[in-house]
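Colleague: Provided herewith is a single structure, encoded as structure tokens, for subsequent inquiry.
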Amino acid sequence: MKIEINKNDPRNTSSEDFDYLVYLRIFEGCNLHCEHCFIPANPKKMTMEQIRGVPDQISKIAPEGSKVLIQWHGGEPTAMGAKWFREAISYINANAKFKVEHGIQTNLMNYNEAWRDIFRDFFDSSIGVSWDPEIRLMKAGKPETNLDFEMKFWKNIDLLLSDGIKPYLVVTGTKVFFNKFRNPMNFFKMMEDKGISHVHIERLTKTGYARNSWEKIGVDNLEWSNFMLRFAKTYKIYCNKPRKSNQPFNLSPLDGMNESVERLLNGESGGYGCLSGACDTRFHTIDANGYKGGCTALNSESDNKSVAGGQVVKFFDFRAQRKIRQVDCASCQFKPICSSGCLASDKMDESLECSGGYKLFDGLKKMKS
């Protein structure tokens with residue numbers, strides 16, 4: 001079975017895919033309450049007047065002719081309404097002095113014909129959808145409402161697929177997720193049954209609501225490496241065995257990490273996604289309060305009054321911070337393909353595993369021998 005990196009994944013940081021990634025965080029409210037969300041719900045939202053300033057804001061960081069991927073984000077971006085959204089994206093397309101492509105991440109609760117048409121017209125019929133087992137609730141503090149979410153989400157996935165729109169599923173690597181799929185083969189078979197061919201397992205950061213839920217959902221660096229290595233070994237088996245359909249399947253970040261290890265073995269360098277360090281210079285965020293450097297996970301708590309316990313990431317010179325983190329990486333064999341991991345996570349935690357995932361990389365390397 002052919003494995004290829006999904007070009008619609010904003011974590012795919014190959015230079016030929018885009019020059020700059022801009023997260024456009026248009027609304028920080030949501031129609032769900034998720035126990036892991038790194039953006040606590042609050043009323044911050046962008047006005048149409050602010051949207052009209054976006055092309056000029058991006059032009060300050062992206063020279064004319066640059067390829068810019070705009071990732072429409074929240075909260076829940078579709079909560080702004082289809083009419084507002086169509087006007088906003090049309091304005092940016094008409095006034096951009098750079099080459100623009102669009103991505104979106106949605107929980108799919110608002111899917112209907114109006115959104116179907118928007119996804120076809122502006123997103124090349126390919127969108128990111130968010131799903132997590134058990135921790136996505138329709139109402140805060142009511143675990144039983146997860147069942148309502150599950151029913152509506154998978155019903156809308158069926159509609160999405162029948163409308164010819166390709167979902168790219170993002171699931172968060174929580175303790176709940178990894179325990180539910182201790183045998184990762186069950187997850188792969190579930191995705192096959194649901195018609196999902198592209199999946200990303202997102203690294204959980206101890207920000208937003210995840211702080212309060214960390215005992216239940218959190219994983220330390222070593223647990224992340226062990227869980228992901230189990231997925232990697234099972235993924236290899238899954239990809240090499242006959243299946244009932246010819247449906248392709250791609251799993252991020254493992255596909256990208258495997259390619260990184262291949263480069264390392266060939267004497268080359270270059271990391272993938274959150275391990276590439278591209279977020280230090282090429283990722284940017286615009287929200288209702290203006291421009292912010294870095295990806296939306298790094299600045300998610302900035303000027304958010306709903307944050308409990310204070311903002312985690314308080315530095316803004318990401319390149320300087322990266323150098324500090326890499327001081328003790330000089331002797332690491334994986335340094336050419338690992339920039340030290342997400343700046344929102346501790347470089348070394350109580351598990352004595354680094355956030356870059358030394359054990360995971362070592363396991364992937366051994367799988368190739």
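Colleague: What's the extension gain from Lys335 to Lys155 if we count 0.36 nm per residue and subtract their Cα-Cα distance? Intermediate results must be reported in sequence, preceding the final value.
Modeller: Numbers: separation 180, 0.36 × 180 = 64.80 nm, distance 4.38 nm.
Using 0.36 nm per residue and subtracting the Cα-Cα distance, I get 60.4 nm.
Colleague: For the chain, count all C-alpha to C-alpha pairs, find those more than 29 Å apart, and express that count as a whole percent of the total. If you can, show how the numbers build up before the last one.
Modeller: On the way: 26805 of 67896 pairs.
Cα-Cα pairs in the chain separated by more than 29 Å: 39 percent.
Colleague: As an exercise, use a Förster radius of 22 Å and the Cβ-Cβ distance of Glu49 and Glu113 to find the FRET efficiency, rounded to the nearest 0.05.
Modeller: On the way: r = 28 Å, r/R0 = 1.29.
So the FRET efficiency works out to roughly 0.20.
Colleague: Relative contact order for region 83-183: what is it in percent, counting Cα pairs under 8 Å that are at least 6 residues apart? Intermediate values should be presented prior to the final figure.
Modeller: On the way: 93 pairs, mean separation 28.4, N = 101.
Rounded, it is 28 percent for region 83-183.
Colleague: State, to one decimal in nm, how far the label point of Asp193 lies from the label point of Ser162, with both points 7 Å from Cα in the Cβ direction.
Modeller: 2.0
Colleague: Separate question: What is the log10 of I(q)/I(0) for region 11-71, computed with the Debye formula using one identical point scatterer on each Cα and no solvent, at q = 0.18 Å⁻¹?
Modeller: Cα-only, vacuum Debye calculation for region 11-71: -0.81.
Colleague: With viscosity set to 1.002 mPa s and temperature to 20 °C, compute the Stokes-Einstein D of region 47-97, Rh being the Kirkwood radius across alpha carbon pairs; µm²/s, no decimals. Don't jump to the answer; show the numbers that get you there.
Modeller: Working: Rh = 11.7 Å.
Translational diffusion coefficient: 183 µm²/s.
Colleague: Name the trypsin sites (Lys or Arg not before Pro) in region 54-131 that are in a loop by DSSP and that have at most 12 other C-beta atoms within 10 Å, would you? Let's see the in-between values first.
Modeller: Values: sites: Lys60, Lys67, Lys83, Arg86, Lys97, Lys99, Arg116, Arg120; in loops: Lys60, Lys97.
For trypsin sites (Lys or Arg not before Pro) across region 54-131 that sit outside H, G, I, E and B with at most 12 neighbouring Cβ atoms in 10 Å, the list reads Lys60.
Colleague: Here's a follow-up. Of the listed pairs Lys155/Lys175; Lys152/Lys366; Lys99/Lys233; Lys44/Lys359; Lys152/Lys180, which have alpha-carbon separations greater than 32 Å here?
Modeller: Details: Lys155/Lys175 26 Å; Lys152/Lys366 42 Å; Lys99/Lys233 39 Å; Lys44/Lys359 40 Å; Lys152/Lys180 20 Å.
Correct reply: Lys152/Lys366; Lys99/Lys233; Lys44/Lys359.
Colleague: Then there's this: Mind giving me the nanometre distance, one decimal, between the label points for Asn179 and Glu350, set 7 Å out from Cα along Cα→Cβ?
Modeller: Calculated label separation equals 1.7 nm.
Colleague: Around Asn107, which amide H atoms from residues at least 5 apart in sequence, or from another chain, sit under 5 Å from its own amide H, with H modelled in the peptide plane?
Modeller: Amide H to amide H, under 5 Å and 5 or more residues apart or across chains, Asn107 pairs with Ser130.
Colleague: On a full-extension model of 0.36 nm per residue, what is the gain between Ser59 and Ser125, subtracting their alpha-carbon distance, rounded to one decimal in nm? If you can, show how the numbers build up before the last one.
Modeller: Values: separation 66, 0.36 × 66 = 23.76 nm, distance 2.68 nm.
Between Ser59 and Ser125, full extension yields an extra 21.1 nm.
Colleague: When only Cα pairs under 8 Å and 6 or more residues apart are kept, what is the percent relative contact order across region 20-367? All intermediate terms of the calculation are to be shown ahead of the outcome.
Modeller: Numbers: 578 pairs, mean separation 67.6, N = 348.
Dividing the mean separation by the residue count of region 20-367 yields 19 percent.
Colleague: Nothing charged except the Cβ atoms of Lys and Arg (+1) and of Asp and Glu (-1): what's the magnitude of the dipole of the chain about its Cα centre? Round to the nearest 20 debye.
Modeller: Working: 51 positive and 45 negative charges, 116 e Å.
Dipole size: approximately 560 debye.
Colleague: Name the residues whose placed amide hydrogens come within less than 5 Å of the amide hydrogen of Ile127, ignoring near sequence neighbours (fewer than 5 apart) on the same chain.
Modeller: Close amide H contacts, sequence-distant or interchain: Lys166, Tyr168.
Colleague: Considering the dipole of region 20-367 built from charges on the beta carbon (Lys and Arg +1, Asp and Glu -1) around the Cα centre, which of Thr78, Phe361, His36 is farthest to its positive end?
Modeller: Phe361
Colleague: Go ahead and run the numbers for FRET between Lys233 and Tyr291, Cβ-Cβ distance against an R0 of 56 Å, rounding to 0.05. List each step's numbers first, then the result.
Modeller: Values: r = 42 Å, r/R0 = 0.76.
Computed FRET efficiency for Lys233 and Tyr291: 0.85.
Colleague: Right, next: Considering only DSSP beta bridges whose two residues both sit in the chain, what percent are antiparallel, to the nearest 5?
Modeller: Values: 8 of 40 bridges.
Antiparallel: roughly 20 percent of the beta bridges in the chain.
Colleague: Treat each spin label as a single point 7 Å out from the Cα along the C-beta direction, and report the Asp328 to Asp362 distance in nm.
Modeller: Simple spin-label model gives 1.5 nm for this pair.
Only the coordinates and a few stated rules stand behind these numbers; no lab work does. All values derive from a computational prediction rather than experimental measurement. Because the Cβ atoms are built from the backbone with ideal geometry, glycine has one as well, and the counts that use them run over all protein chains shown.
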